[in-house]
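Worksheet: one structure, shown below.
The values are calculated or read from the model by the stated rules, or taken from the named source; none is laboratory data. This is a predicted model, so every value here is computed, not measured. Please note: Cβ atoms are built from the backbone with ideal geometry, for glycine as well, and neighbour counts cover all protein chains shown.
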Amino acid sequence: MIVGVLAVQGSFAEHMQVLRGLAVDVRLVRSPEELRGVSALVIPGGESTTIGDFLDKQGLGDAIEAGLPIFGTCAGMILLAKKMVGKQKEGQSLLKKMDITVERNAYGRQTESFEADVKLAWDARPFPGVFIRAPRIAEYSEDVSVLARRGDAAVLVRQGRYLACAFHPELTDDDRIHRYFIEEVAKNDS
Amino acid sequence: MEETGTPRVKKGLAQMLKGGVIMDVTTADQAVIAEEAGAVAVMALERVPADIRAEGGVARMADPLKIEEIMDAVTIPVMAKVRIGHFVEAQILQGMGVDYIDESEVLTPADEFNHIDKWKFTVPFVCGARDLGEALRRIAEGAAMIRTKGEAGSGNIVEAVRHVRSVTGMIKRLHGMDEDELYTAAKEIGASIDLVREVRKLGRLPLVNFAAGGIATPADAALMMQMGSDGVFVGSGIFKSTDPAPRAKSIVLATTHFDDPKTLAEVSKGLGEPMKGIDIKTLKEEELLQTRGV
């Protein structure tokens, strides 16, 4: 199984390192050609405006086939969302894959960035959540399942073959969420 | 329980900026141009280094009103510079909610002996370094990100190259050393043995390292990336050129596609005049910015 990591900008090297620990082949993706043969894709944290522009200009957004499993963290989650609210640059391109509404930088600026434990739906042990200028899931449809919450807020959600996370599991040495993506979301059961 | 200002959160924002371009801007309009060009962050300052160099006088933190206008104009992170050792300028910027502080040799130092104790702050700091020793001293003081200094406002890449080579060269030397040689190495470069050990183990700096100081063309940016930098700061190089917007876009693309000569050729075409630049050899010792705050 080859897992692609979108390597435009941001924490792609960190994702690559976690994925390598899970014994999958990892490929950095910067062009539509590099997307060929990939059976799942990770969109890392970074600046969603920058990554979104790049997806648009390189035709990468269009090259992502329907049904390709995708895991987006932070900026990656913003790109997966169908709707965005709050301060937003005009014309920011979204992949529009998940029925979630996301508010960018909802917790404030960098001085409000924080670490907090997160409760996973499938595992009792708390997960170390690293929230950096994090987005908030403001709304989600009934087709979306919530896999982790912090307080009342959904912070890890799944809809079919898409997984989106408001925080940064790639900045920790805890691989449980990546493992979940590989073993539960991306596995080919057809 | 949620905890702000942890080392992981401070270093983490820099990790999100990797592979990107951070651009110096002096107005909200310039900040918008930078964001539209794909900058991952902007650096708010009163005058770009080339103008500071030309006009002389004391260079200080920018007017908070200007910084606020810039923060309101863009959604990407906003950084701002403080004078070396000027912890009150840093307190002001933290209070305003600036996302990153650059304790910078480009401004006139406030303290010729001490840098800011950056551990005391919730906001993360980036600091300049010419070599591994400087980088590790700044990390010991709590910097969450490093940029090699180069020579700001020169439009000349030669010093940036020198400093990247100096940092990576020393890391390679550490790699080849025995454990018992590390103590003397740490003493020679003026860094703590713990950090020297960590660098040797990692084979790189323990946090994100951008290049800065003299980047004026897309090829310059790609050169820094190929030499192992995690991203680039472009100061005077953009808004001191004849046509800033296309040059800014091209430098962003060159930073992403740094190892693809075809794309680099494409984005380098017809950008107009880059900033004129200065031959470093014509600068007097006291005109160099890089020797401040070592």
Subset of the range A:133-167 [β-branched (Val, Ile, Thr) and assigned to a strand (DSSP E or B)]: A:Ile137, A:Val146, A:Val155, A:Val157
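To keep it simple, each residue is scored yes or no on (1) within 17 Å of the chain's Cα centre (by Cα); (2) within 24 Å of A:Gln9 (Cβ to Cβ); (3) small (Gly, Ala, Ser).
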position	(1), (2), (3)
B:Ala34	yes, yes, yes
B:Ala44	yes, yes, yes
B:Pro49	yes, no, no
B:Arg53	no, no, no
B:Asp63	no, no, no
Test: residue in the range A:102-111 that is more than 9 Å from every other protein chain (Cβ to nearest Cβ) and either part of a strand (DSSP E or B) or at positive phi (or both): yes
The range A:1-16, residues that are in contact with an Asp or Glu (Cβ under 8 Å, 6 or more places away or on another chain) and either surrounded by fewer than 16 Cβ atoms within 10 Å (Cβ to Cβ) or not in a strand (DSSP E or B) (or both): A:Met1, A:Ile2, A:Gln9, A:Gly10, A:Ser11, A:Glu14, A:His15
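Return the residue satisfying two criteria in turn: it lies in the range A:93-131 and is in contact with a Phe, Trp or Tyr (Cβ under 8 Å, 6 or more places away or on another chain) and of a type in the set (Val, Ile, Thr), and of such residues it is surrounded by the fewest Cβ atoms within 10 Å (Cβ to Cβ).
The qualifying residue surrounded by the fewest Cβ atoms within 10 Å (Cβ to Cβ) is A:Thr101.
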So B:Tyr183, is it buried (at least 22 other Cβ atoms within 10 Å of the Cβ), among the aromatic types (Phe, Trp, Tyr) and either more than 14 Å from chain A (Cβ to nearest Cβ) or in contact (Cβ under 8 Å) with a residue 40 or more places away in the chain (or both): no
Boolean, B:Ala140 is surrounded by 24 or more Cβ atoms within 10 Å (Cβ to Cβ), under 19 Å from B:Ala14 (Cβ atoms), of a type outside the set (Ser, Thr, Tyr) and modelled with pLDDT of 95 or more: no
Any hit, the range A:110-122, residues being polar (S, T, N, Q), more than 28 Å from A:Thr172 (Cα to Cα) and more than 14 Å from the chain's Cα centre (by Cα): no
For A:Glu115: the one exception among (1) closer than 18 Å to A:Pro44 by Cβ; (2) in a strand (DSSP E or B); (3) within 14 Å of another protein chain (Cβ to nearest Cβ): (1)
Among the candidates B:Arg247, B:Arg200, residue that is more than 14 Å from chain A (Cβ to nearest Cβ), touching a Gly at 6+ places or on another chain (Cβ under 8 Å), charged (D, E, K, R) and without any contact (Cβ under 8 Å) to a residue 40 or more places away in the chain: B:Arg247
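Mind listing whichever residues of the range B:113-167 are in a loop (DSSP other than H, G, I, E, B), over 14 Å from the mean Cα position of the chain (by Cα) and either at positive phi or touching a residue at least 40 places away in the same chain (Cβ under 8 Å) (or both)?
Result: B:His115, B:Phe121, B:Thr122, B:Val123, B:Gly142, B:Ser154, B:Gly155, B:Asn156.
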In the range B:62-116, the residues that are under 22 Å from A:Ser113 (Cα atoms) and hydroxyl-bearing (Ser, Thr, Tyr): B:Thr75, B:Tyr100
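I'd like the full set of residues that are of a type in the set (S, T, N, Q) and more than 13 Å from A:Val118 (Cβ to Cβ), limited to the range A:142-173.
Our first condition is that a residue be of a type in the set (S, T, N, Q); within the range A:142-173, this holds for A:145, A:159, A:172.
Within the range A:142-173, A:Ser145, A:Gln159 qualify.
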Residue satisfying all of: in the range B:75-92; within 15 Å of B:Ala62 (Cβ to Cβ) and within 10 Å of chain A (Cβ to nearest Cβ); surrounded by the most Cβ atoms within 10 Å (Cβ to Cβ) among these: B:Met79
Test: B:Val42 is more than 13 Å from chain A (Cβ to nearest Cβ) and touching a helix residue (DSSP H, G or I) at 6+ places or on another chain (Cβ under 9 Å): no
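Just checking: which of the helices (runs of 4 or more DSSP H) contained wholly in the range B:204-275 hold 2 or more residues that are buried (at least 24 other Cβ atoms within 10 Å of the Cβ) and at pLDDT 95 or above?
Here the list reads B:218-226, B:244-256.
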Residue match in the range A:37-50 (condition: touching a helix residue (DSSP H, G or I) at 6+ places or on another chain (Cβ under 7 Å), within 13 Å of chain B (Cβ to nearest Cβ) and on the phi > 0 side of the Ramachandran plot): yes
Candidates A:Gly129, A:Gly151, filtered to the one that is at pLDDT below 95 and within 14 Å of chain B (Cβ to nearest Cβ): A:Gly151
Contacts under 8 angstrom Cβ, first residue in the range B:256-273 being away from every other protein chain (no Cβ under 14 Å), partner in a loop (DSSP other than H, G, I, E, B) and among the small types (Gly, Ala, Ser), 6 or more apart: B:Leu271/B:Ser241; B:Gly272/B:Ser241; B:Glu273/B:Ser241
